[in-house]
Structures are given as C-alpha cells and as structure tokens.
Amino acid sequence: MLSDKIQTALNTQINVEFSSAYEYLALSACFESLSLKGFAHWMRVQYQEERVHAIKIYDFIHARNGRVALQRIEAPHAACNSPLEAFTRAYENEKKVSAKIDALVELAATERDHATYAFLQWFVNEQVEEERITYEIAQKLELLGDAQSALFLMDRELAGRAADKDEAED
C-alpha cells in the first residue's frame with residue numbers, strides 16, 4: 001500500500017510525464033511546419049516514450065492498490081525558432097524531469113517505501129540517458145551553426161530513430 005505522500009507524488013509525476021509528452025508533441029508539430037520531417041519524427045518518438053513513462057507510473061500505483069488522480073495538463077510552449085532552440089528546450093525539460101524523479105526517490109527513501117524506491121531506479125537510469133541524448137543533439141546543432149547542408153544531414157539522421165516496442169504500439 002502506498003502512503004498518501006507517495007501516492008500524491010506519483011500522481012504528480014504522471015502529470016509531469018504527460019506534460020513532457022505534450023511538449024515533445026508541440027515540438028514535433030513545429031518541425032513538421034518547417035518541413036524538417038526527421039526532427040519531427042524524433043520528437044514524435046520522444047512524445048510516445050514520455051507517454052509510456054506516465055503509464056508505467058499509472059500501472060505501478062494500481063499494482064500497489066493506490067488511486068490514480070489525473071491532473072490538468074498545461075498547454076505546451078508551441079513556438080520553436082530553430083532546431084537548436086528546440087533541443088536546448090528539450091534538454092532543459094529533461095533536467096527538470098530528472099529533478100522531479102530525484103525528489104521522488106528521496107521521498108521513497110524517507111518513507112521507507114522500498115518497492116517504490118526500487119521501481120523509481122528505472123526512471124533514474126532513463127533520465128540519465130534522456131539528458132545525455134538531448135544534450136548531445138543540442139551540442140551537435142550548436143556546432144553546425146547555420147550550415148543548411150549539415151542540417152539536412154542531421155534531419156536524415158534523426159529520421160532513423162526507431163521507437164521501442166512498447167512505444168510503437170501507440
């Protein structure tokens with residue numbers, strides 16, 4: 001059974017994950033409008049991944065006989081002025097999500113909720129990967145500057161991102 005504090009925090013994290021998904025979907029739409037289909041695809045796959053994260057938490061709450069309480073999701077920041085700005089924003093978002101996960105881990109440790117603590121370790125590792133990837137893409141884009149041909153190649157590279165099996169089902 002989840003404590004009220006843990007249950008509330010996990011429900012809040014569901015909202016964080018869905019909000020993150022919504023942000024990635026907005027960035028995908030932005031790239032679509034710029035005819036950067038590879039960038040749009042990458043963001044769309046990330047949108048699907050964030051939804052999977054939310055559902056993992058949703059399922060965990062139910063597995064622990066808790067109650068899911070979905071919350072309002074704010075509209076995402078819709079504009080993206082450049083691929084660099086978009087990936088910098090994605091990286092900053094991932095850092096915020098990591099901070100929320102870290103706070104959840106601390107709460108689980110304080111509450112001595114070992115099952116939740118163990119469950120959250122997957123998210124800790126996932127966030128390391130997500131921060132790394134968004135940071136590396138932002139760094140590449142910064143190095144490219146205004147080189148249109150390099151942007152074209154980067155668009156092709158990002159188009160090759162495959163969705164995980166769980167994410168491809170959506």
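Derivation of every value follows stated rules applied to the coordinates shown; laboratory data play no part. Since the structure is predicted, the reported quantities are computational estimates derived from the model, not experimental observations. Heads up, the Cβs are rebuilt from the backbone with ideal geometry, glycines too, and the neighbour counts pull from every protein chain shown.
If each DSSP helix of 4+ residues adds -39,500 (n - 2.57) and the sum is divided by the residues in the chain, what number results at 222 nm, nearest 500 deg cm²/dmol?
It lands at -27000 deg cm²/dmol.
Karplus couplings for the range 5-12 from phi (6.51 cos²θ - 1.76 cosθ + 1.60, θ = phi - 60°), rounded to Hz, Gly and Pro as x?
Those phi angles translate into 5, 5, 4, 4, 5, 5, 4, 5 Hz.
With 10 angstrom as the radius, rank Phe123, Phe152 by how many other C-beta atoms surround their C-beta, starting from the fewest.
Phe152, Phe123
In what sequence do Leu10, Leu27 fall when counting other Cβ within 10 Å, fewest first?
So the residues, fewest neighbours to most, are Leu10, Leu27.
For a test of understanding, tell me how many lysine pairs in the range 4-162 have Cα atoms under 30 Å apart, given they are 8 or more places apart or on different chains.
Here the count comes out as 14.
Run the quick spin-label model on Ser35 and Ala115: label points 7 Å from Cα toward the beta carbon, then report their separation in nm to one decimal.
If labels sit at Ser35 and Ala115, their model points lie 5.5 nm apart.
Would you please put 92-98, 2-8, 18-24 in order of how densely packed they are, using the mean number of other Cβ atoms within 10 angstrom per residue and starting with the highest?
Per-residue mean Cβ counts within 10 Å order the peptides as 18-24, 92-98, 2-8.
Fully extended, how many nm does the chain gain between Thr8 and Ala159 (0.36 nm per residue separation, minus their Cα-Cα distance)?
50.6 nm
Any idea how far apart Asn81 and Glu106 come out in nm if each label point goes 7 Å out from Cα toward Cβ?
3.4
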